[in-house]
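Heads up: the structure comes next, in structure tokens.
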Amino acid sequence: MLNENIRTIRKSKGLSQEELAIKLHVVRQTISKWEQGLSVPDADMLLSLSEVFETPVSTLLGEQIAEPEADGLKALAEKLEVLNLQLARRKAARQKALHWLFILLCVGIAAVFAALMVLNSPYRGWDYGHPETAVMGVLVHAMEWLFVRTAPLLLAGGIVGAYLTRRKG
């Protein structure tokens, strides 16, 4: 069977015995003996033959490879399906986490606004004659001022983000 496969593949590739012998660095008579079944190539030469013929060694030896190839495609398809499911789960988990982050942002902003309304800026009644109190009062006022100016934008962004990341369906 090996001898017939070598002859058939050699001819299908359009090689003469001499041309194949040159590529394999052997004499033409060696190729002739292989094709007549008088001798067989060793393992290293089988690998060289498979490279020259661009054919798997199993094909040279006469094994059927069409069926394993189909199984290989099926296995590859199954692996890709598993990967797609894993990626979809990760995406859903990230979307859920982002959704809750936006909701927490909105709740946090509302809580700070409520606290500011209840406290009614208590630092305004502080005695600013002491340097420590003056510096602390200015810092608290600056943070409150910055929060009041940026919170509406953050709140709007949080609401839009929570809406866009909600679970559909």
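The values are calculated or read from the model by the stated rules, or taken from the named source; none is laboratory data. Just so it is clear, the model here is predicted, and its values are computed rather than measured. Cβ coordinates were reconstructed from backbone atoms using ideal geometry, including for glycine residues, and neighbour counts include every protein chain displayed.
So, in the stretch 4-25, how many residues would count as being hydrophobic (A, V, I, L, M, F, W, C) and surrounded by fewer than 16 Cβ atoms within 10 Å (Cβ to Cβ)?
Total satisfying the criteria: 1.
Test E81 against the stated conditions and say whether it is out of contact with any helix residue (DSSP H, G or I) (no Cβ under 8 Å at 6 or more places or on another chain) and either part of a helix (DSSP H, G or I) or outside the structural domain of V148 (by TED's automatic domain parsing) (or both). So that I can check it myself, show each step before the final result.
Working: out of contact with any helix residue (DSSP H, G or I) (no Cβ under 8 Å at 6 or more places or on another chain): yes; either part of a helix (DSSP H, G or I) or outside the structural domain of V148 (by TED's automatic domain parsing) (or both): yes.
So E81 fits the description; yes.
Could you pull out the residue among T59, T150 that is under 30 Å from R10 (Cβ atoms), assigned to a helix (DSSP H, G or I) and of a type in the set (S, T, N, Q)?
T59
If the requirement is being out of contact with any strand residue (DSSP E or B) (no Cβ under 7 Å at 6 or more places or on another chain) and assigned to a loop (DSSP other than H, G, I, E, B), which of these qualifies: L49, L20, L38?
Just one listed residue meets the conditions, L38.
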